[in-house]
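Data block below; observations after.
The values are calculated or read from the model by the stated rules, or taken from the named source; none is laboratory data. Model, not experiment: these values are computed from the prediction. Quick reminder, even Gly has a Cβ in these numbers, built from the backbone with ideal geometry, and neighbours come from all protein chains shown. Only protein heavy atoms, including side chains, enter the accessible area calculation; ligands, DNA and RNA are left aside. Shrake-Rupley method; radii C 1.70, N 1.55, O 1.52, S 1.80 Å.
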Amino acid sequence: MLSYWERASFFTGIDVCIIGAGIVGLHTALFLKEKYPNYSIAVFERGTLPFGASTRNAGFACFGSPSELLADLTKFPATDVFSLVEKRWNGLQDLIKTHGEFNLGLERFGGYEVFAPDDNASYSNCQNQLGFLNHELKSITGTANVFTNRTEQIQALGLGKVAHLIYNELEAQIDTGKLMKHLLQQVQAAGVQLYFGLEITALHATNQGTVQLYSNGFNFEVKQVAITTNGFIQQLLPELEIKPARAQVLITQPIPQLKLKGTFHYDEGYYYFRNVDDRVLFGGGRNLAFEAETTTDMQVTNPIQNKLDELLATMILPGVNYEVDMRWSGIMGMGDEKLPIIKETSIPSVYVAARCNGMGVAMGIQIGRDLADLISKTTTN
């Protein structure tokens, strides 16, 4: 139970409560505070740090590998596919402009799609469509020939059991820990209140036009709510068709004279790896067990970790002595449609931004802007 002092000083008079302190939630808070400096804005986060994926992702500043784009083109109209690519590209530019390369730990090493010897059909399809993809990407990025064949670099990168490489010169990598630390500092400096270790378990509209929020052992009222918990969204809004998707990751100890440099996609992006501080970060494998990985459980599992270990030894670091330092997982929010959900819910004065589909790094800042704009429009009206 709250004391009188706690209720009066911390949980009274909140204009906008944002649930979830990830990339989307913190940017929403930042942009709302810019629009309404006098508003009382508070962010509530269940974890001691942003809990879902914002500090647990691989830090890829990417906007689509060739096989991913071609797979999407078999499911969605081309206009929708490349509109989404443009949103991802613009989001990355916005992220760089807003935070600066230093605060992102940005490194422009480019990216690669990796094709194993038994991926000839996929590789041939990608290679045959590079002209088409480059034509579409030039209109978005302004760069000709974004994708080029770099198969000759396999040995220089130290890769094994790899037959072909397609290079993306515009792909980059960021340090998501640096990003989130800087973003938290910005939000606090703007006067937003941050509450970690506080989980909102339920909410409903009141007859007074406010929203009642429930946490463990107490409740309080706020004027408006923005829910940005993405992979955990169904716990508060079960009607949304968004499923959690666990992403498992490992990272090695530092490796002397590491050859690997850049971001790498394999098997339509279901596996991904990169260099980090002379280490290799490697994640993915949820396609081995889609149903089991549709979970908010933050554990790692032996079947997927064993596959990561196998590919790490044979494809990424063949013949190299290394040790795995850490293993962890993060939770994404996925749906059948690729575009995120940004809307006012059926509960008055409650808004949602979710379904990032693994693109939170690229699109999170833009989603935050759009949500802040939506709340601003309805507030003005």
Out of the strands (runs of 3 or more DSSP E) lying entirely within segment 320-366, which hold 1 or more residues that are acidic (Asp, Glu) and in contact (Cβ under 8 Å) with a residue 12 or more places away in the chain?
324-334, 341-344
Does Asn125 satisfy the criteria of being open to solvent by 70 Å² or more (accessible area, probe 1.4 Å) and in contact (Cβ under 8 Å) with a residue 24 or more places away in the chain?
yes
Output yes when any residue across segment 24-46 is of a type in the set (Val, Ile, Thr) and not in a helix (DSSP H, G or I), and no when none is.
yes
Kindly list, by first and then second residue, each pair from a residue in segment 165-178 that is acidic (Asp, Glu) to a residue that is in a helix (DSSP H, G or I), limited to pairs with Cβ atoms under 7 Å and residues at least 6 apart or on different chains.
Asp175/Leu104
Identify the residue in segment 263-300 that is over 22 Å from Gly231 (Cβ atoms) and open to solvent by 40 Å² or more (accessible area, probe 1.4 Å) and, among all such residues, is modelled with the highest pLDDT.
Arg279
Would you mind finding the one in Ala226, Ala190 that is in contact with a Cys (Cβ under 8 Å, 6 or more places away or on another chain), aliphatic (A, V, I, L, M) and under 25 Å from Val361 (Cβ atoms)?
Ala226
Of the conditions (1) more than 30 Å from Thr379 (Cβ to Cβ); (2) open to solvent by less than 20 Å² (accessible area, probe 1.4 Å); (3) not in a loop (DSSP other than H, G, I, E, B), Glu68 clears all except one; give me its number.
(2)
Checked Phe147, Phe82, Phe109 against criteria (over 11 Å from Pro66 (Cβ atoms) and either surrounded by fewer than 18 Cβ atoms within 10 Å (Cβ to Cβ) or touching a residue at least 60 places away in the same chain (Cβ under 8 Å) (or both)); the one match is Phe109
Hey, does segment 252-259 have a residue that's open to solvent by less than 10 Å² (accessible area, probe 1.4 Å), under 21 Å from the mean Cα position of the chain (by Cα) and at negative phi?
no
Within segment 301-323, can you find the residues that are more than 29 Å from Gln257 (Cα to Cα) and open to solvent by 60 Å² or more (accessible area, probe 1.4 Å)?
Asn302, Pro303
Meets criteria (open to solvent by 10 Å² or more (accessible area, probe 1.4 Å) and modelled with pLDDT of 95 or more) for Ile227
no
May I ask you to list pairs of residues, at least six apart or on different chains, whose Cβ atoms are under 6 Å apart, with the first in segment 262-289 being part of a helix (DSSP H, G or I) and the second being of a type in the set (Phe, Trp, Tyr)?
Asn287/Tyr270
